[in-house]
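*Asks:* Take a look at the following structure, please.
The values are calculated or read from the model by the stated rules, or taken from the named source; none is laboratory data. Since the model is a prediction, treat every value here as computed from it, not as a measurement. No Cβ is skipped: glycine too gets one built from the backbone with ideal geometry, and neighbour counts run over all protein chains shown. Heads up: the accessible areas ignore ligands, DNA and RNA and are worked out on the full protein's heavy atoms, side chains in. Shrake-Rupley method; radii C 1.70, N 1.55, O 1.52, S 1.80 Å.
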Amino acid sequence: MNLMRLVLLPLAALFALANTSIGTPQRYTLDAGASNVAAKVPFFGLASKTARFPRMQGAVTIVPGAPERAVIDVTFDATAIEAPDSVTLARLRGDKFFWVEKYPTVRFVGRSLKLSSPTRGTVAGELTARGITRPQTLAVTFDADPLAQVGKPVSFTGTTTIDRRQFGMKSYQLIVGNKVEITLKARMVPR
């Protein structure tokens, strides 16, 4: 009888683990009206200027039981960039910065979500601007546990800092800082 228990208990435990591992992927679309991106850069070392990308589109897939398989794919319309004044706006749209005539979009593709709590984590992926793609990690905070919100909208805020020179934006270095703080606020709706 003891031998039977030694064999059956591990098999039962294995069966239970197999049945609770990975859930059905949850697919979301970004609610563009409730989402935006802001890029804040130091200006003259005394203040800062913030540009906004009000138009975006994207999709998110989260896999319950396997958040490392999550995909976040967001594209920002660089031609719609907003700036605090017309001079800054013209420079940001020009060839020294985003060069929107040649590169009309900025894109972030996150390929793995690592949760440190039910509502916080990081998304590892790649950011593409001006045709240059670099690895980038986004620190994310969800308004609710995304793995427990099946069929419900979920909002999150993602933050990261980039060095603009790595994306070919090297002009005005004595005036404009090189580190850019990016904040993505997004609302995801089930699709």
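*Asks:* Checking TRP99 against (1) open to solvent by 70 Å² or more (accessible area, probe 1.4 Å); (2) hydrophobic (A, V, I, L, M, F, W, C); (3) in a helix (DSSP H, G or I): exactly one of these is not met. Which one?
*Replies:* All conditions are met except number (3).
*Asks:* For the range 62-87, which residues satisfy the criterion of being surrounded by 15 or more Cβ atoms within 10 Å (Cβ to Cβ) and among the hydroxyl-bearing types (Ser, Thr, Tyr)?
*Replies:* Correct list: THR75 only.
*Asks:* Pairs only if they're at least six apart or on different chains, beta carbon under 6 angstrom, first in the range 108-126 and touching a residue at least 24 places away in the same chain (Cβ under 8 Å), second of a type in the set (Gly, Ala, Ser) and surrounded by fewer than 16 Cβ atoms within 10 Å (Cβ to Cβ); list them, first residue then second.
*Replies:* Close Cβ pairs satisfying both conditions: SER112/ALA124.
*Asks:* From the list ALA90, ALA124, ALA144, exactly one residue is hydrophobic (A, V, I, L, M, F, W, C) and open to solvent by 60 Å² or more (accessible area, probe 1.4 Å). Which is it?
*Replies:* ALA90
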